[in-house]
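K.L.:
Pasting a structure below so you can have a look.
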Amino acid sequence: MTAGSDFRAAVEANDLEAMSACLADDVEFFSPVAFTPFVSKPVVAALLGFVGETFEDFVYVDDIEQGNSHMLRFSARVGDKAIDGVDLMEMDEDGLISRFSVMIRPLSAAHAMADAMSARFEAAGGKPGA
């Protein structure tokens, strides 16, 4: 197994601790709705928890791995908005996820996700990415 495969299994099991174990300490997370990346394992793990609470009917539908890169294609919903997206992960020399980018479509779903995530950040006392 690789960190990408382990991450997929953790997501499918809704196991935030196992997701976090796949992340490098200095992981960079690039959100589809924030200009600057989120950096560090604790920050990204918390963000993944918020994503898990925001997406409904989340399912991975494809899985591609090559070298130190892993892509997981998914579908989900936020409210009444259907989302298609990909998780793009790069592994470091220790096999942990060092760079994590999420891309989603359509734009209306990205807006719905941004609104829902902002509300969760604010409720938790944080600020969404600028």
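K.L.:
In debye, nearest 20: dipole of the chain around its Cα centre with unit charges on the Cβ of K, R (+) and D, E (-)?
P.N.:
For this selection, approximately 500 debye.
K.L.:
Find how much the distance from M103 to R73 grows on full extension, using 0.36 nm per residue of separation minus their present alpha carbon separation; answer in nm with one decimal.
P.N.:
9.8 nm
K.L.:
I'd like the per residue volume of the convex hull spanned by the Cα atoms of the stretch 37-80, given in cubic angstrom.
P.N.:
92 Å³
K.L.:
To one decimal place, what Kirkwood hydrodynamic radius in Å is obtained for the chain from all pairs of distinct Cα atoms?
P.N.:
With all distinct Cα pairs of the chain included, I get 14.7 Å.
K.L.:
Among E93, E65, E53, which one shows the highest mean-square fluctuation when the chain is modelled as a Gaussian network with alpha-carbon springs under 10 Å?
P.N.:
E93
K.L.:
Based only on the alpha carbon positions, what is the Kirkwood hydrodynamic radius of the stretch 52-125, in angstrom?
P.N.:
After inverting the mean inverse Cα-Cα distance, the result is 13.4 Å.
K.L.:
Run lengths n ≥ 4 of DSSP H only: what is the helix-derived mean residue ellipticity at 222 nm for the chain, with -39500 (n - 2.57) per run over all residues, to the nearest 500?
P.N.:
About -11000 deg cm²/dmol.
K.L.:
Right, something else. Nearest 10 degrees, 0 to 90: what angle lies between the long axis of helix 107-123 and the longest principal axis of the chain (Cα atoms)?
P.N.:
90 degrees
K.L.:
Separate question: Relative contact order of the chain: what whole-number percent is it, with Cα pairs under 8 angstrom and at least 6 residues apart? Each step should come with its number before you reach the end.
P.N.:
Working: 235 pairs, mean separation 32.1, N = 130.
Contact order relative to length: 25 percent.
K.L.:
What's the angle, to the nearest 10 degrees (0 to 90), between helix 3-12's Cα axis and the longest principal axis of the chain?
P.N.:
So the helix axis and the longest Cα principal axis differ by about 40 degrees.
K.L.:
Also, I was wondering about something else. Let me check against my output: what whole-number percent is the relative contact order of the stretch 1-54, with C-alpha pairs under 8 Å and at least 6 apart? Don't skip to the end; give the middle numbers.
P.N.:
Numbers: 47 pairs, mean separation 14.7, N = 54.
The value is 27 percent.
K.L.:
Would you calculate the separation in nanometres between label points at V33 and A9, each defined as 7 Å from the Cα along the Cα-to-beta-carbon direction?
P.N.:
Between V33 and A9, the label points sit 3.1 nm apart.
Bear in mind these aren't lab numbers, they're just calculated from the coordinates by the rules spelled out. Quantities reported herein were computed from a predicted structural model and do not represent experimental measurements. Virtual Cβ from ideal backbone geometry, glycine too; neighbours counted across all protein chains shown.
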